[in-house]
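All remarks here apply to the structure that follows.
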Amino acid sequence: MENIALIESFSEFKDNKSIDRVTLMSILEEVFRAALKRRFGSDENFDIIINPDKGDLEIWRNRVVVADGMSEDDNEEIELAEARKIEPDFEIGEDVSEEVKLIDLGRRAILALRQNLISKIHEHDSTNIFKQFKDLEGEIYSAEVHHIRHNAVILLDDEGNEIVLPKSEQIRSDFFRKGDAVRGVIKSVELRGNKPAIILSRTSPAFLVKLFEQEIPEVFDGLITIEGVARIPGDKAKIAVDSYDDRIDPVGACVGVKGSRIHGIVRELGNENIDVINYTKNEQLFVSRALSPAKVTSVDIKLYEEEKNGKKGRVNVLLKPEEVSKAIGRAGVNIRLASELTGYEIDVQREGLEEEDVELTEFSDEIEAWVIEEFKKIGLDTAKSVLEKDVSMLVQRTDLEEETILDVQRILREEFED
């Protein structure tokens with residue numbers, strides 16, 4: 001029969017889309033049966049014979065011979081006179097098989113059929129890609145920068161699959177050029193219409209975990225386990241590690257001699273400062289270690305009856321005055337990560353606080369909590385520590401307006417005047 005463009009493209013689809021023969025034949029039959037149903041009203045009495053490798057296709061319509069003038073359904077029945085034009089010896093009640101030529105379906109039907117075939121092939125391809133990457137969620141993946149948009153970097157892998165690295169999933173110091181190789185973890189895979197949307201992340205805590213697994217053999221082998229991770233991408237991270245083998249120092253093994261093992265991870269993350277901490281089930285000791293590099297004097301834990309905002313309790317930590325700024329860290333980063341890592345809200349108190357001084361939290365009925373938090377981020381957690389500072393300096397170091405700071409200082413000053 002005619003070897004039209006539709007048939008000639010069968011092997012092309014098979015080669016380019018890596019579809020196995022059985023699947024391709026199933027798709028082809030589904031497409032042709034849909035076309036036959038539209039043309040004849042039913043496809044149940046048709047046989048479709050396909051050889052996609054050679055580009056062969058045959059369609060046969062099966063009908064029953066009935067007496068002239070007695071046909072009620074032209075698709076399933078053929079009158080005797082018509083049947084004998086095919087074979088002169090047909091009799092009533094016999095089955096007639098007649099080949100249907102593709103050209104008989106009409107040019108428009110053939111073009112629609114081809115478009116339907118292409119759509120089905122692409123849909124199958126997209127489904128396979130979706131399944132492939134869905135299994136890779138949470139795993140490290142590498143791809144090359146194809147082009148850069150203002151809100152995302154578009155990557156292509158070796159198979160030509162498009163992967164999106166949104167701005168929100170990039171480390172602050174990330175800078176990419178076309179052709180650069182980029183690593184991250186597959187954060188999510190979704191089907192948007194018939195196209196899979198593959199999202200890569202470099203800010204996810206899972207990326208740090210997977211880098212440890214890649215770079216540190218003991219982590220990959222399971223000799224060292226990662227018990228918790230907290231990250232502010234590109235700035236600082238804390239990771240708690242443990243080992244069931246007493247002969248292994250988990251922190252030393254992860255850091256390496258003079259930081260040799262962790263250096264590659266730090267470089268990959270844009271020089272993100274990584275604190276590796278020995279995990280322990282002793283909660284007080286764990287909180288103390290999480291506040292490193294500060295040296296903690298004492299830890300007092302009060303558990304909540306139920307979790308609040310993802311936290312299981314509140315911790316009052318006592319430190320020497322010179323250790324407070326270390327515990328809080330620049331812009332409150334250290335204490336925030338320690339809180340995230342341990343699962344506790346952490347309050348820092350100075351050892352030997354003057355009796356006449358007052359904790360800022362005591363003013364929570366007059367000063368909003370987020371305002372108090374802004375002062376605590378820069379190491380100011382008592383009334384006098386705020387009053388001693390110049391207003392212009394406080395405006396520079398916090399996200400507070402001058403008017404707000406003056407109002408806070410007025411409230412604090414009134415406390416001591418009273």
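The values are calculated or read from the model by the stated rules, or taken from the named source; none is laboratory data. Quick caveat: nothing in here was measured; it's all calculated off a predicted structure. Note that each Cβ is placed from the backbone with ideal geometry, even for glycine, and that neighbours are counted across all protein chains shown. Note: areas computed on protein heavy atoms with side chains; ligands, DNA, RNA excluded. Shrake-Rupley method; radii C 1.70, N 1.55, O 1.52, S 1.80 Å.
Restricting to segment 207-225, and then to whatever is assigned to a loop (DSSP other than H, G, I, E, B) and under 24 Å from residue 142 (Cα atoms), can you tell me which residue is most open to solvent (accessible area, probe 1.4 Å)?
221
Taking interchain pairs and intrachain pairs at least six residues apart, which have beta carbon atoms under 7 angstrom, with the first residue in segment 27-42 and more than 14 Å from residue 121 (Cα to Cα) and the second among the aromatic types (Phe, Trp, Tyr)?
Qualifying pairs under 7 Å: 36/46.
Determine whether segment 398-408 contains at least one residue that is open to solvent by less than 10 Å² (accessible area, probe 1.4 Å), modelled with pLDDT of 85 or more and in a helix (DSSP H, G or I).
Yes: one or more hits.
Can you tell me which residue among 234, 270, 228 is more than 28 Å from residue 176 (Cβ to Cβ), under 21 Å from the mean Cα position of the chain (by Cα) and crowded, with 16+ Cβ neighbours inside 10 Å?
228
Within segment 138-185, which residues are closer than 22 Å to residue 208 by Cβ, in a strand (DSSP E or B) and either among the small types (Gly, Ala, Ser) or free of Cβ contacts under 8 Å to residues at least 12 places away in the same chain (or both)?
Selection gives 142, 143, 152, 181, 184.
Can you tell me which residues in segment 87-101 are touching a Leu at 6+ places or on another chain (Cβ under 7 Å) and within 21 Å of residue 38 (Cα to Cα)?
Residues satisfying the conditions do not exist here.
Just for segment 284-304: of the residues that are in contact (Cβ under 8 Å) with a residue 40 or more places away in the chain and under 13 Å from residue 345 (Cα atoms), which one is surrounded by the most Cβ atoms within 10 Å (Cβ to Cβ)?
291
Which of the residues belonging to segment 237-267 are assigned to a helix (DSSP H, G or I), in contact (Cβ under 8 Å) with a residue 24 or more places away in the chain, touching a helix residue (DSSP H, G or I) at 6+ places or on another chain (Cβ under 9 Å) and open to solvent by 20 Å² or more (accessible area, probe 1.4 Å)?
264
Out of (1) of a type in the set (A, V, I, L, M, F, W, C); (2) under 23 Å from residue 321 (Cα atoms); (3) part of a helix (DSSP H, G or I), what's the single condition that is false for residue 380?
The one condition residue 380 does not meet is (3).
Could you go through segment 383-392 and let me know if any residue there is more than 28 Å from residue 235 (Cα to Cα) and crowded, with 20+ Cβ neighbours inside 10 Å.
Checked against the condition, which is being more than 28 Å from residue 235 (Cα to Cα) and crowded, with 20+ Cβ neighbours inside 10 Å, segment 383-392 yields at least one hit.
If you take the residues in segment 173-191 that are within 15 Å of residue 267 (Cβ to Cβ) and over 15 Å from the mean Cα position of the chain (by Cα), which one is most open to solvent (accessible area, probe 1.4 Å)?
Going through the qualifying residues, I end up with 175.
Residue 133 fails exactly one of the following numbered conditions: (1) within 25 Å of residue 229 (Cα to Cα); (2) at pLDDT 90 or above. What is the number of that condition?
It fails just one condition, (2).
Specify the residue that is most open to solvent (accessible area, probe 1.4 Å); the eligible residues are those in segment 76-105 that are without any contact (Cβ under 8 Å) to a residue 24 or more places away in the chain and within 60 Å of the chain's Cα centre (by Cα).
104
Which of the residues that make up segment 305-344 are part of a strand (DSSP E or B) and open to solvent by 60 Å² or more (accessible area, probe 1.4 Å)?
Of everything in segment 305-344, those that are part of a strand (DSSP E or B) and open to solvent by 60 Å² or more (accessible area, probe 1.4 Å) turn out to be 305, 306, 307, 308, 312, 314.
Could you figure out which of (1) of a type outside the set (S, T, N, Q); (2) assigned to a strand (DSSP E or B); (3) exposed (fewer than 15 other Cβ atoms within 10 Å of the Cβ) isn't true of residue 68?
If we test residue 68 against (1) of a type outside the set (S, T, N, Q); (2) assigned to a strand (DSSP E or B); (3) exposed (fewer than 15 other Cβ atoms within 10 Å of the Cβ), just (2) comes out false.
How about segment 186-205: which of its residues are among the charged types (D, E, K, R) and assigned to a strand (DSSP E or B)?
The answer is 187, 190, 192, 195.
Of all residues being under 25 Å from residue 379 (Cβ atoms) and among the aliphatic types (A, V, I, L, M) in segment 303-323, which is nearest to the chain's Cα centre (by Cα)? Just the residue, please.
315
Confirm whether residue 118 is among the β-branched types (Val, Ile, Thr) and in a helix (DSSP H, G or I).
So residue 118 fits the description; yes.
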